[in-house]
Amino acid sequence: MNNNIIEEIVTKIYQARETKTPIEFIRNEYTLDESTAYAVQDELMKRIQEVHNEEIVGYKISMTSKETQAIANTHEPAYGTLLTSNIVESGNNISLSNLFAPLVEPELVFILTEDLSPTATEEEILNKSKIAAGLEIPDSRYIDWFPNFSLADLLSDDTATGLVVVSEGVTPPSLDELANIKMELFHNGEKISEGVSSAVLDNPVSAVLWLVKKLASHNKILKKGMMISSGTFISPLPVQVGKYEVSYSSIGKLEVTFS
């Protein structure tokens, strides 16, 4: 696919972001393979960085369950790029007027204390990370996006990256312990969901390992200070007005309010 088409798609998605006006799925007009869709994502990120003076601060991993992979007819996860404005600290208030159709996904966030090598092992990842309580808020620029997207739609729109709420990082538990982190999610004080970290490719560090390899195939590496939102413990839930709290055994908790 030529660069003019990529630029055309980028412009459509970028304008949707800027005007807060969702668009039809791009698959209705364009046929993209995976590599082209990632190229669209890259160019979209460049556009946002240039206009809004943002930086790449990490990545998010999507579709870490067989169920979500089936939606997009793929056999592996996907990644999105996190920019400065995508990160929200625990305790903040988020205005829903700035979002499209956001969801809630409890996720652990890896915060890198050193660069990861392109051939990093699970041990290297844990040795070079702190882990924080996280809450991803996926949000897409498409009309009626979930669960109706295709892989090309998702990748082009930065895998529906909205916001990632992050707490302070702690020293990671052992690899075995990391596979059995228990999560509880509350809305306005009422428990609405629970899950366990083994739902994320059996262990969230396995998701990060996948990301390392996938980025290496795109000539990218994970650098010191970057954050990685590693995959949801549960099926996503629509965001409601009010206060969310999420706790993770041996990791910590966070809170965020939507108004």
* Please verify whether region 110-127 includes one or more residues that are within 15 Å of the chain's Cα centre (by Cα), in contact (Cβ under 8 Å) with a residue 12 or more places away in the chain and surrounded by fewer than 23 Cβ atoms within 10 Å (Cβ to Cβ). => yes
* Asked: Quick check: anything in region 40-61 in contact (Cβ under 8 Å) with a residue 12 or more places away in the chain, buried (at least 20 other Cβ atoms within 10 Å of the Cβ) and touching a Pro at 6+ places or on another chain (Cβ under 9 Å)?
  -> yes
* Structure fact -> Inside region 182-223, the number of residues satisfying the requirement of being of a type in the set (A, V, I, L, M, F, W, C), buried (at least 18 other Cβ atoms within 10 Å of the Cβ) and in a loop (DSSP other than H, G, I, E, B) is 3
* To do: Considering every residue within region 224-246, establish whether at least one is of a type outside the set (Lys, Arg), over 23 Å from Ala160 (Cα atoms) and over 18 Å from the mean Cα position of the chain (by Cα).
  => no
* Structure fact -> Being hydrophobic (A, V, I, L, M, F, W, C), crowded, with 21+ Cβ neighbours inside 10 Å and in contact (Cβ under 8 Å) with a residue 24 or more places away in the chain narrows Ala37, Ala16 down to just Ala37
* Report, by residue number, each residue of region 224-238 that is of a type in the set (Gly, Ala, Ser) and either touching a Phe, Trp or Tyr at 6+ places or on another chain (Cβ under 9 Å) or exposed (fewer than 14 other Cβ atoms within 10 Å of the Cβ) (or both). => Gly225, Ser229, Ser230
* **Close pairs from region 217-231: first among the β-branched types (Val, Ile, Thr), partner crowded, with 18+ Cβ neighbours inside 10 Å and assigned to a loop (DSSP other than H, G, I, E, B), Cβ under 9 Å, at least 6 apart** => Ile221/Leu116; Ile228/Leu222
* Asked: Looking at Val241, is it in contact with a helix residue (DSSP H, G or I) (Cβ under 9 Å, 6 or more places away or on another chain) and surrounded by 21 or more Cβ atoms within 10 Å (Cβ to Cβ)?
  -> no
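All of the numbers you see were taken from the coordinates with simple rules; none came from a lab. What you are looking at is a predicted structure, and each value in this text was computed from that prediction instead of being measured. So basically every Cβ, Gly included, is an ideal-geometry build from the backbone, and we count neighbours across all protein chains shown.
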